Amino acid sequence: MSCDLRQGSSDERAAPPAGDGSAVVSIVYFSSYRGATAELAAAVATGAARVPGVAVSCISTTEVDWHWARLHASDAIIFGSPTYVGGVAARFKDFIESCAGDVWVHRLWLNKLAGGFTVSSGRSGDKLHCLMDLLVFAMQMGMIWVPVPITGGNYSSQGSEADLNRMAGYLGVMAQANIDEPAGQAPPASDLQTAALYGEHVAWNARRMVLGRALLPGGLQPGPPSVGVPATLFDSLPEAVSGTRIPGDRQAE
């Protein structure tokens, strides 16, 4: 599956009919340099698409303003960023901060499933810190995080680079791409297969969640989705401009 979701109306990618247990899974990612993160995103999408009754889409953060309706309609959102200097890429952080208005204030993504993946050229590269960035963002939005379901590979002398989850990541998918190899060669097949397995796992859980929600409605619910690009924090909370303290740990500056 390609992760090129081209510009178009939100209606073209509306959610499946409600009530039949169908689920919507979206992958939001930023990829640059050699395109390794886009390769991972495509693998996650391929895995999610294996699950019957699941509609899957990939959305680059560079085109996210065309697809907010799709994200609001999603039952699961999987976030992806390369690990740059031990954290998420700055342009992915721009996407995170664009959610600090409507999405955060009105809890638009409350109870959605969340997950994450990252890649760096180093074996470690502080990838865990990048995944923690994604986790904390999801928690700020009131989402429910899904970990990698399998144990780490390549733990012993009998293991190999071909093992699934060779980086032994549990919080999310960790991949490694040699800096001198192009997309298509790096990340290796084992990392892409791990990403596909993770996408499938999240998608199955999204379907279970949709079916369970139909059987047991109630509890705290997200606010009504906004239309178009989400409002900024100041637009969502006009009183903040006068210095009024706002919910949580955010304060007008």
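Can you compute the charge dipole magnitude of the stretch 68-129 about its Cα centre, using +1 on each Lys and Arg Cβ and -1 on each Asp and Glu Cβ, nothing else charged? Give it in debye, rounded to the nearest 20.
Roughly 140 debye for the stretch 68-129.
Taking +1 at the Cβ of each Lys and Arg and -1 at the Cβ of each Asp and Glu, which of 128, 53, 138 sits farthest along the dipole of the chain towards its positive end, judged by Cα position relative to the Cα centre?
53
List the chymotrypsin sites (Phe, Trp or Tyr not before Pro) within the stretch 148-208 that DSSP assigns to loop and that have no more than 13 neighbouring Cβ atoms inside 10 Å.
Those satisfying the criteria are 155.
As an exercise, use a Förster radius of 30 Å and the Cβ-Cβ distance of residue 111 and residue 62 to find the FRET efficiency, rounded to the nearest 0.05.
0.60
Where a ≥ b ≥ c are the square roots of the eigenvalues of the C-alpha gyration tensor, would you call the stretch 154-238 rounded, which needs a/c under 1.5, or, failing that, prolate if a/b is larger than b/c, or oblate?
Cα axes put the stretch 154-238 in the oblate bin.
For a quick check: with amide H placed at 1.01 Å from N, whose amide H comes under 5 Å from residue 59's, ignoring anything fewer than 5 positions away on the same chain?
Amide H neighbours of residue 59: 27, 28, 29.
Helices from the chain with mean Kyte-Doolittle at least 0.0 and a Cα length along the axis of 24 Å or more, per DSSP H: which?
Correct list, ordered by number: 189-215.
Could you identify which residue out of 44, 210, 85 has the top mean-square fluctuation in a GNM of the chain using Cα springs shorter than 10 Å?
85
With the chain treated as a Gaussian network of Cα nodes joined by springs under 10 Å, which of 182, 147, 217 yields the largest mean-square fluctuation?
Among 182, 147, 217, the largest GNM mean-square fluctuation belongs to 217.
Based on the Cβ-Cβ distance from residue 139 to residue 160, what FRET efficiency comes out when R0 is 25 Å, to the nearest 0.05?
E(calc), rounded to 0.05, equals 0.10.
May I ask you to derive the relative contact order of the chain, considering only C-alpha pairs under 8 Å and at least 6 residues apart, and to give it as an integer percent?
Reported relative contact order: 24 percent.
Only Cα pairs under 8 Å and at least 6 apart count here; give the relative contact order of the stretch 127-199 as a rounded whole percent.
25
Taking every eigenvalue of the Cα gyration tensor of the stretch 32-169, multiplying by 5 and rooting it, what semi-axes result, largest first, whole Å?
26, 18, 15
May I ask you to derive the FRET efficiency for residue 168 and residue 220 from their Cβ-Cβ distance with R0 = 35 Å, giving the value to the nearest 0.05?
0.50
Do any trypsin sites (Lys or Arg not before Pro) in the stretch 80-162 lie in a loop, going by DSSP, with at most 16 other beta-carbon atoms within 10 Å of their beta carbon, and if so which?
Passing both the DSSP loop test and the Cβ count: 107, 123.
Note down the magnitude of the dipole of the chain about its Cα centre, charges +1 on Lys and Arg C-beta and -1 on Asp and Glu C-beta and zero elsewhere, to the nearest 20 debye.
Value, rounded to 20: 520 debye.
Read-outs throughout are calculated quantities, based only on the coordinates presented, and are distinct from any laboratory measurement. This is a predicted model, so every value here is computed, not measured. Methodologically, a virtual Cβ is constructed for each residue, glycine included, from the backbone with ideal geometry; neighbour enumeration extends over all protein chains shown.
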